[in-house]
Amino acid sequence: MAGSVIGLLKQGLRIIGVVAALLLLTGSHVTAHSDFEGSEPADGSVINELLDSVVLNFAVPVLSEGASGIAVGADSGVVTEGVVTEISGTSWRASFIPALQGEVVRVAFAFRAEDGHLVEAEVLFDLTAATTTSIETSTTSTTH
């Protein structure tokens with residue numbers, strides 16, 4: 001009985017070792033090189049107002065030629081193309097008209113670094129609480 005328990009433990013440890021090695025090998029090429037440093041608002045933010053722009057920050061200078069940014073609504077599938085403008089060589093603004101609202105939105109973008117390699121990523125924002133509000137106005141008239 002003790003021999004079978006030890007055998008099972010050894011087999012379990014071998015399986016864990018193989019799985020860990022596979023994760024290390026496959027995960028290392030995915031995250032080995034990323035020039036995207038983050039966004040403002042941050043990826044995963046819950047935003048309670050309309051979102052008309054996102055600032056994208058990079059570790060290396062990127063070029064405007066061929067740069068693109070799009071927002072896609074998770075539920076609606078509505079695609080809004082962003083207008084990309086440079087703040088600095090490593091910071092760019094993607095502006096959206098109309099402003100994004102009312103659902104989870106994925107903003108995907110692609111830029112070329114100065115050395116020619118492609119820098120692309122995406123960020124998500126939860127805008128479900130952000131909706132436009134209408135203000136009702138009333139007029140009263142007085143008769144004399």
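Of the peptides 111-120, 67-76, the ranking by mean beta-carbon count within 10 Å, highest at the top, reads 67-76, 111-120. With each label modelled as a point 7 angstrom along the Cα→C-beta vector, the V83-A99 pair spans 1.6 nm.
Dipole magnitude for region 35-126: about 120 debye, using +1 per Lys or Arg Cβ and -1 per Asp or Glu Cβ, origin at the Cα centre.
Read-outs: derived from the displayed coordinates by stated rules, not from any lab. Just so it is clear, the model here is predicted, and its values are computed rather than measured. Reconstructed Cβ throughout: ideal geometry from the backbone, glycine too, with neighbour counts over all protein chains shown.
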